Ligand code: SRM
Ligand SMILES: Cc1cc2nc3c(=O)[nH]c(=O)nc-3n(C[C@H](O)[C@H](O)[C@H](O)COP(=O)(O)OP(=O)(O)OC[C@H]3O[C@@H](n4cnc5c(N)ncnc54)[C@H](O)[C@@H]3O)c2cc1C
Ligand code: SF4
Ligand code: FES
């Protein structure tokens with residue numbers, strides 16, 4: 001097409017960017033030349049995850065939905081950090097605060113909302129900036145500013161006890177502030193919850209150590225240079241040095257008003273999301289008002305974006321938006337709350353089923369009208385939420401026995417969910433993806449889970465639906481789901497899985513990372529993201545023959561310590577089996593004083609961590625400790641936790657301490673695809689938690705030892721599988737070595753045993769490791785022995801640095817925020 | 001106007017690694033690529049102040065050691081949605097000195 005139309009989008013948030021994605025998806029790049037304006041200086045990010053970012057459960061890396069390159073790649077002109085101030089509808093121009101004037105043929109307004117700040121004294125420093133220490137909770141910058149401020153301050157008051165307020169309060173608790181939540185209503189989350197539910201929630205919130213004040217109306221914020229406290233209508237007050245205002249949101253409609261569009265609460269739009277005044281102007285997201293409703297959640301805006309795109313591209317001019325039914329979930333770890341529709345019965349013949357167990361924090365209700373689910377509240381136990389959401393959304397027939405809606409007796413079990421789920425059922429609530437969307441991708445030929453996830457965004461919000469997405473993709477593919485080829489590659493830059501790559505490396509005799517790149521990588525080019533994994537692999541394969549290139553190691557492995565947020569390092573000396581001596585403790589204490597170590601901490605791995613050591617001091621610290629490295633920094637064998645066992649404990653059946661020490665002595669520091677954490681327990685009481693370790697050994701009656709593998713209690717929790725039971729500590733050592741070597745050779749990079757064992761299957765592992773079904777036991781044992789023999793304590797390098805400036809500080813001058821000293 | 005500053009000897013920086021230096025009052029991470037070229041960028045990561053000189057590099061990018069944000073060593077652009085970092089012209093002179101040019105204020 002010669003003259004594409006000019007499409008301008010004001011607002012580069014979740015709705016604006018999603019609308020553009022939907023438009024591109026319908027061939028919009030050929031129809032339009034697209035320009036976007038965004039007030040925030042970024043691409044588009046997932047606002048929902050700000051709560052997780054504050055609480056530290058989400059990474060800033062993962063929050064971007066459309067990074068700046070996305071705009072470039074799609075030929076979109078992005079003006080980030082530029083605010084549109086007026087639309088000249090008659091000349092069809094938008095005027096922005098950088099003085100630019102941009103003509104449009106079609107315009108989309110997606111300006112979202114901003115926090116509502118109650119008009120009380122002391123809120124603002126002047127008419128533009130909040131009093132220092134007062135924060136809204138809406139943008140990435142808000143979030144960063146809060147985290148920054150929270151580091152240096154102690155006590156926060158959150159104004160507003162709704163969803164956002166509780167999520168903010170939780171995040172601040174995680175940052176170790178004393179937190180107060182002030183709610184003017186008598187209940188928390190009063191918009192979604194009835195009285196009883198409010199009380200149950202309050203108990204759970206109390207348990208998080210958050211102090212709740214209900215029925216309190218804010219009248220003033222006290223401040224000197226920064227906030228010093230808040231005052232309420234009854235004259236009472238709270239002293240604090242931080243205030244977060246989450247007292248509701250207001251749609252950003254100023255632009256609509258000055259440009260002469262009809263604005264009530266939001267910019268009023270018709271069923272095609274067009275302004276009722278101007279056929280060339282659309283509004284979408286939180287700034288739009290449709291049939292009297294303004295939404296404050298993402299699910300409706302996904303639906304709106306589809307209709308808008310269908311219409312503006314002419315793909316389906318009949319497409320119409322009829323409003324959304326909304327459901328909410330609270331994203332606070334440890335408190336499950338999900339609500340949808342009505343919070344209490346409204347009509348006399350509404351059915352109301354209620355279950356309440358306040359002491360356990362459980363409360364559930366459903367409200368049914370004319371055999372349809374019109375409302376539900378789930379607190380403490382949200383196991384039924386998927387089915388209820390679907391029933392609520394689709395008006396599905398309900399079981400005669402209503403109680404089945406609340407408990408698992410009759411509704412489809414989650415495992416059969418994939419087949420039985422309605423086509424239109426929304427699977428990913430963050431990104432608004434239905435079962436039909438997923439199925440359509442599979443039908444269109446996508447055969448990998450990651451492919452479907454990338455194409456639809458399903459599972460890329462809060463991630464809680466990933467399991468269901470996988471089930472549906474597998475079901476739709478009739479079980480013929482293909483692994484993403486790249487997902488099997490050992491490193492991103494070489495298209496080979498691990499066995500292929502190892503064979504290739506061996507046959508070509510490649511002993512260094514740069515040799516692997518030169519011979520096997522695309523165009524022979526090195527790839528920074530692949531270096532660490534290749535170093536690990538080559539070291540495992542070649543042992544002493546490995547040609548060590550220091551630049552291919554991650555910084556932790558260059559300086560043998562774990563890098564921390566301020567560029568300092570932590571030092572964890574080896575304390576085998578958790579057993580130490582007064583002499584060692586004395587030396588640790590002296591080192592801690594001599595080098596002003598900010599934090600000395602007992603770790604979860606039964607040893608002692610010196611945190612906040614400056615890089616240039618590492619060699620001296622090691623020398624003065626006179627202890628070997630505990631390897632608490634690499635992808636390697638870490639610890640063996642033990643219990644006191646038969647020497648002291650009245651229940652001890654085997655000498656777990658001695659065995660643990662022997663295991664750690666033998667396998668210390670071995671590099672492996674993921675960390676290896678082991679434990680030995682002296683009896684099945686399991687005080688060293690051996691059932692949830694990569695490899696755990698448990699002494700049982702009769703002088704025997706059980707060996708468990710693939711257990712975990714970190715990011716994932718999994719009970720280990722019983723590999724075998726043996727008769728002596730010697731056999732434990734042999735089987736342990738053989739299992740670890742098998743894992744080292746066969747696991748993917750960063751694949752912990754808790755993923756590796758179930759993938760390969762415990763029966764297979766047992767066949768190979770215990771019964772030697774493949775005839776490789778002797779080879780595995782020999783390879784392990786070679787690795788053990790090649791071991792050298794890396795802390796000896798302190799005496800003879802391997803590279804110039806190995807321990808030179810990387811941040812010489814600026815005083816950065818340091819890990820706080822207690 | 002820029003001024004050229006000798007910062008270190010080539011041998012002071014192991015191949016494929018970086019070292020941080022203060023040049024004309026600015027903190028700069030100087031890298032010696034495996035192909036022999038020299039690259040210089042600001043020393044701190046814009047994301048959360050990570051030490052870029054401690055990052056893994058290849059011939060084009062540096063990966064910050066703290067949260068893996070990635071930056072092009074020549075242009076400073078981020079491949080992971082971060083603001084771009086400052087880059088400084090840098091080269092090896094005939095005597096084996098690493099020279100970095102820093103704009104004069
Ligand atoms: C120091 C310690 C916490 C403590 O004060 O107790 C610790 C600290 C860190 N852990 Fe841990 N973990 C510590 C015991 C554990 C344990 C408990 C244990 O070892 O028995 C677990 C659960 C067991 C497990 O690993 O399955 C644990 C599960 C994790 C995980 C989740 C791994 C997973 O896949 O489930 C990570 C993240 C990762 O590996 O990607 C992690 C990562 C980290 C890192 C290394 C994060 C990082 O990359 O910088 C932390 C370093 C802090 C620092 O600045 O030095 N840490 N971490 C513990 C050191 C134990 C030791 O003596 O070596
Ligand atoms: C902490 C937090 C947690 C949340 N959790 C959830 C959740 O769990 N579930 C859920 O469904 N919803 C949640 N939400 C709500 C959800 O984020 C919003 O519904 C969604 O972001 C609305 O999208 P939008 O595009 O309408 O507005 P926004 O995402 O706010 O985008 C609007 C953008 O337009 C820009 N802009 C405004 N005016 C102008 C102008 N004049 N010129 C240029 N740019 C302008 C703004 O700066 C902004 O970047 C949460 C919100 C927050 C803040
Ligand atoms: S020490 Fe472990 S649990 Fe604690 S913040 Fe670091 S990674 Fe998370
Ligand atoms: S500080 Fe560099 S990636 Fe976070």
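Since every read-out is calculated from the coordinates, none of them should be taken as a lab result. Remember, predicted model here, so these are calculated numbers, not experimental data. Note that we place each Cβ from the backbone using ideal geometry, even for glycine, and neighbour counts take in every protein chain shown.
For beta carbons closer than 8 Å, sequence separation of 6+ or different chains, a first residue in the stretch A:321-341 that is on the phi > 0 side of the Ramachandran plot and a second that is assigned to a loop (DSSP other than H, G, I, E, B), the qualifying pairs are A:323/A:291; A:334/A:208; A:341/A:325. In the stretch B:21-96, counting only strands (runs of 3 or more DSSP E) that sit wholly within it, the ones holding 1 or more residues that are within 10 Å of chain A (Cβ to nearest Cβ) and within 11 Å of the chain's Cα centre (by Cα) span B:26-32, B:61-63. One residue is enough: does the stretch A:32-42 have a residue meeting the conditions under 18 Å from the mean Cα position of the chain (by Cα) and closer than 18 Å to residue A:146 by Cα? Scanning the stretch A:32-42 turns up no residue that is under 18 Å from the mean Cα position of the chain (by Cα) and closer than 18 Å to residue A:146 by Cα. Taken together, the residues in the stretch A:725-758 that are surrounded by fewer than 15 Cβ atoms within 10 Å (Cβ to Cβ) and within 16 Å of ligand 1 (Cβ to nearest atom) amount to 2.
Conditions (1) within 23 Å of residue A:809 (Cα to Cα); (2) in contact (Cβ under 8 Å) with a residue 40 or more places away in the chain; (3) buried (at least 17 other Cβ atoms within 10 Å of the Cβ); (4) more than 16 Å from ligand 1 (Cβ to nearest atom), marked per residue:
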| site | (1), (2), (3), (4) |
| --- | --- |
| B:7 | yes, yes, yes, yes |
| B:11 | yes, yes, no, yes |
| B:30 | yes, yes, yes, yes |
| B:52 | yes, no, yes, yes |
| B:81 | no, no, yes, yes |
| B:85 | yes, yes, yes, yes |
| B:100 | yes, yes, yes, yes |
| B:103 | no, yes, no, yes |
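Restricting B:50, B:81, B:76 to residues that are closer than 28 Å to residue A:68 by Cα and within 16 Å of ligand 2 (Cβ to nearest atom) narrows the list to B:81.
Number of residues in the stretch A:535-592 that are in contact with a helix residue (DSSP H, G or I) (Cβ under 8 Å, 6 or more places away or on another chain), more than 14 Å from chain B (Cβ to nearest Cβ) and in a loop (DSSP other than H, G, I, E, B): the value is 4.
For residue A:197, the test of being more than 16 Å from ligand 2 (Cβ to nearest atom) and buried (at least 21 other Cβ atoms within 10 Å of the Cβ) is passed.
Just to be sure before I move on: is residue A:635 touching a strand residue (DSSP E or B) at 6+ places or on another chain (Cβ under 6 Å) and either within 30 Å of residue A:714 (Cα to Cα) or surrounded by fewer than 16 Cβ atoms within 10 Å (Cβ to Cβ) (or both) in the structure I sent?
Judged against the criteria, residue A:635 is not a match.
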